[in-house]
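See below for the structure under consideration.
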Amino acid sequence: MADGDADGLIDVPALERYLAERVPGDNAPLECERHVVGSSNVTYYVTRGSQQWVLRRPPPGPLLPTAHDVLREHRFIAALQGEARVPAPVIACDDDSIIGAPFYLMERCFGAMLRDGIPETYDTPAGRRRIAEDLVATLVELHGVDWEAVGLRGRASGYLERQMRRWIGQWELTRPETRDLPGLDGIVEWLKARMPEDAGATVVHGDYRLDNVMYGAEEPRVVAIFDWEMATVGDPLADVGWLLSYWGHPGDPPPPPGWDPPVYLSAREGFPDHEELIALYEEGSGRSMRHVAFYHVFAVFKLAVILEGLYMQHLKETGANPDSARFEWFVPVLIDRAQRLMAAAG
């Protein structure tokens, strides 16, 4: 039998009993190891004999009603089995009494996460090109899924309007608590004047970027897409804009010494630039990229608002993100990038 708990967030014996009754397999003690990455839902590696899983649960403390919805993650990866590159779900539990919060298990995937570097076998200009090509191809596959046919539900229209209202409102809430960032007001006005009609309705991952997918250890092919907590049904080009916002931009200054955020990885030789990335998606999906500048600028604005909120938490000494102090420098970089994109788009 397992004993104790894992960081106080999992009652391991209770989880072991729960899984023994519901998930067939090895009669072996359960082992849980916290996987420290990111600052959102909590992730554990769970092992029972030869079975290897990943458990996701919300962080402790008071949460917004729609935040950290791990069961939402499970619904999406379960619905997308065989349709998109997602991990295999094992079980979901909405009973807080088992480990103290809702949770789900999925099969553990093995490969390379490119947060800290690229495997030597394909860390070449040609290999980096293939990384990007398959990243876009994987997104095209996802956006090609018939979301209604796989049992997902969502509002098929009004996505951009809701997103604009949410993130402009979030900035208005953050503004009184932080520093003066006048450039954001001009970005908001530009976006309001150029918001297009939604470009259809598909599954939207909501946080699609290079460091939220796993590649093969030996070849640059996407094995699985992770971090589905923002998934919804909406405008597919929102995912394209978000991917672009995390893609190296030639006008950005180098990061401060000692900080190497993933956004700068894609600036290395061999990775396609923004225009090539857009062309890859356009060719693969057949969707018009006429309004892509709006989606790109909106994603950069959204990222700036999120990071400024984390910087605000740093100022109040309430944040847990280890990089939050650095966002004092990076948010103005994002504002400047958005202004350059706006100027180029006209």
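The values are calculated or read from the model by the stated rules, or taken from the named source; none is laboratory data. This is a predicted model, so every value here is computed, not measured. Every residue, glycine as well, gets a Cβ built from its backbone with ideal geometry; the counts of neighbours run over all protein chains shown.
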Give the number of residues within the stretch 147-171 that are without any contact (Cβ under 8 Å) to a residue 24 or more places away in the chain and over 23 Å from Pro196 (Cβ atoms). 2
Which residue out of Pro119, Pro125, Pro102 is in contact (Cβ under 8 Å) with a residue 12 or more places away in the chain and touching a Cys at 6+ places or on another chain (Cβ under 7 Å)? Pro102
Looking at this structure, is Ala92 in a strand (DSSP E or B), surrounded by fewer than 21 Cβ atoms within 10 Å (Cβ to Cβ) and either at pLDDT below 95 or hydrophobic (A, V, I, L, M, F, W, C) (or both)? yes
For Thr232, work out the one condition from (1) touching a strand residue (DSSP E or B) at 6+ places or on another chain (Cβ under 7 Å); (2) of a type in the set (Ser, Thr, Tyr); (3) within 26 Å of Arg175 (Cα to Cα) it doesn't fulfil. (3)
Would you confirm whether or not the stretch 242-249 contains a residue that is under 15 Å from the mean Cα position of the chain (by Cα), aliphatic (A, V, I, L, M), assigned to a helix (DSSP H, G or I) and surrounded by 16 or more Cβ atoms within 10 Å (Cβ to Cβ)? yes
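The rows are residues; the columns are (1) buried (at least 18 other Cβ atoms within 10 Å of the Cβ); (2) closer than 16 Å to Leu237 by Cα; (3) at pLDDT 95 or above.
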{"position": "Tyr281", "(1), (2), (3)": "yes, yes, yes"}
{"position": "Arg290", "(1), (2), (3)": "no, yes, yes"}
{"position": "Phe294", "(1), (2), (3)": "yes, yes, yes"}
{"position": "Val297", "(1), (2), (3)": "yes, yes, yes"}
{"position": "Val300", "(1), (2), (3)": "yes, yes, yes"}
{"position": "Ile306", "(1), (2), (3)": "no, no, no"}
{"position": "Tyr311", "(1), (2), (3)": "yes, no, no"}
{"position": "Leu315", "(1), (2), (3)": "no, no, no"}
{"position": "Ala320", "(1), (2), (3)": "no, no, no"}
Boolean, Glu120 is surrounded by fewer than 16 Cβ atoms within 10 Å (Cβ to Cβ) and either farther than 16 Å from Asp235 by Cα or in contact with a helix residue (DSSP H, G or I) (Cβ under 8 Å, 6 or more places away or on another chain) (or both): yes
Selection from the stretch 316-346 of residues that are of a type in the set (Asp, Glu) and either under 15 Å from Val263 (Cα atoms) or in contact with a His (Cβ under 7 Å, 6 or more places away or on another chain) (or both): Asp323
Across the stretch 259-279, which residue is nearest to Arg194 (Cα to Cα) among those that are at pLDDT 95 or above and among the hydrophobic types (A, V, I, L, M, F, W, C)? Ile278
Matching residues in the stretch 315-346 - criterion: being of a type outside the set (A, V, I, L, M, F, W, C), assigned to a helix (DSSP H, G or I) and farther than 15 Å from Leu181 by Cβ: Ser324, Arg326, Arg340
